[in-house]
1. Is it true that T166 is crowded, with 19+ Cβ neighbours inside 10 Å and among the hydroxyl-bearing types (S, T, Y)?
2. What residue, among those in region 209-238 that are outside any loop (DSSP other than H, G, I, E, B) and of a type in the set (V, I, T), is nearest to V187 (Cα to Cα)?
3. If you check every pair at least six apart or on different chains, which have Cβ atoms under 7 Å apart with a residue in region 79-103 that is acidic (D, E) first and a residue that is outside any loop (DSSP other than H, G, I, E, B) and surrounded by fewer than 22 Cβ atoms within 10 Å (Cβ to Cβ) second?
4. Scan region 127-157 residue by residue and report those that are touching a Ser or Thr at 6+ places or on another chain (Cβ under 8 Å) and surrounded by fewer than 21 Cβ atoms within 10 Å (Cβ to Cβ).
5. Which of the residues spanning region 181-208 are closer than 19 Å to D226 by Cα and either of a type in the set (G, A, S) or in a loop (DSSP other than H, G, I, E, B) (or both)?
6. What pairs come out if I take residues in region 226-239 that are within 14 Å of T213 (Cβ to Cβ) and pair them with residues that are modelled with pLDDT of 95 or more and surrounded by fewer than 20 Cβ atoms within 10 Å (Cβ to Cβ) whose C-beta lies under 7 Å away, six or more apart or interchain?
7. Given T204, T243, T213, which one is surrounded by fewer than 19 Cβ atoms within 10 Å (Cβ to Cβ) and polar (S, T, N, Q)?
8. Any chance you could count how many residues in region 65-81 are more than 12 Å from N242 (Cα to Cα), not polar (S, T, N, Q) and not in a helix (DSSP H, G or I)?
Amino acid sequence: MNAEGELAPAVQSILRDVRSRTTPDERVSVDARSFSDAIARTESNGVPVVAEVKPTSPTTDGNRTDDPVELAKKMVEGGAAALSVLTEPEHFGGSPENLRRIREAVSVPVLRKDFILEEAQLDAVEADLVLLIARFVGDLSKLVASARERGFQVLVEVHTLDELETALDSGAKIVGVNNRDLGKLEVSLDTFESVAPEVPDNVTLVAESGIATPDDARRMREAGADALLVGSAIMDGDVAENTRRLVSA
């Protein structure tokens, strides 16, 4: 795990808040919807997009106050293969309750997007996939195994080739390459293009962050992305139409 001094202040603040959370008493058990099947269903008609319900974030202005369930339904209407739902409350305006309600309302797989550092934090809510960020997890192999024991599919997020090696060593079968550097919060699509060639063919590869236009979507797909995780570009405006525009890229 990197020293916090190497991280943007907003990320340092998030991690401090995560460490102070109370953890649930009961362990969850998940009957997960298949992410790979969702991608396959979408690929016959368009680009597999994981649309993100993100009320706000440290890198965006303002917040979206719509009912998150209605936003999620509109994303699915626009063709989203899966959804990503923020459960971090202080900096992203999310909650486990939002995810629970959304997962009950849609039929596509739902990813829990949060900063999970320890096993007990996995039990906050049932989801189909859970995000683990390689940079922040001390024993990634152990946490991946703990997530799978509960029935979660695991999306391991990386930003560098060293983090990719750690993810693959942990047994990750779904890898997300974050184009955003959490040290400086700068975004470059070059990041995905530099890391993607080293990802084995049997690993599902997701491009994350900085994808704003159909041209960006095509660029990431040409570089090897099986799916695209998109937040701000979908949340800013008509979420159904924004999703549809990227799925049709």
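The values are calculated or read from the model by the stated rules, or taken from the named source; none is laboratory data. Just so it is clear, the structure is predicted and the values come from calculations on it, not from any experiment. Positions of Cβ are generated from backbone atoms using ideal geometry, with glycine treated the same way; all protein chains shown enter the neighbour counts.
1. Details: crowded, with 19+ Cβ neighbours inside 10 Å: no; among the hydroxyl-bearing types (S, T, Y): yes.
No: the conditions fail for T166.
2. V230
3. Listed by first residue and then by second, the contacts come to E88/I14; E90/D17.
4. Matches in region 127-157: S141, R150, G151.
5. We begin by selecting, within region 181-208, every residue closer than 19 Å to D226 by Cα; these are 188-208.
Those that are closer than 19 Å to D226 by Cα and either of a type in the set (G, A, S) or in a loop (DSSP other than H, G, I, E, B) (or both): S188, L189, S194, A196, V199, P200, D201, N202, V203, A207.
6. A233/A212
7. On the way: T204 fails: surrounded by fewer than 19 Cβ atoms within 10 Å (Cβ to Cβ); T243 fails: surrounded by fewer than 19 Cβ atoms within 10 Å (Cβ to Cβ).
The match here is T213.
8. Of region 65-81, the ones more than 12 Å from N242 (Cα to Cα) are 65-70, 72-73, 81.
Checking which are not polar (S, T, N, Q) leaves us with 66-70, 72-73, 81.
Pick out the ones that are also not in a helix (DSSP H, G or I) and you get 66-67, 81.
Counting residues in region 65-81 that are more than 12 Å from N242 (Cα to Cα), not polar (S, T, N, Q) and not in a helix (DSSP H, G or I) gives 3.
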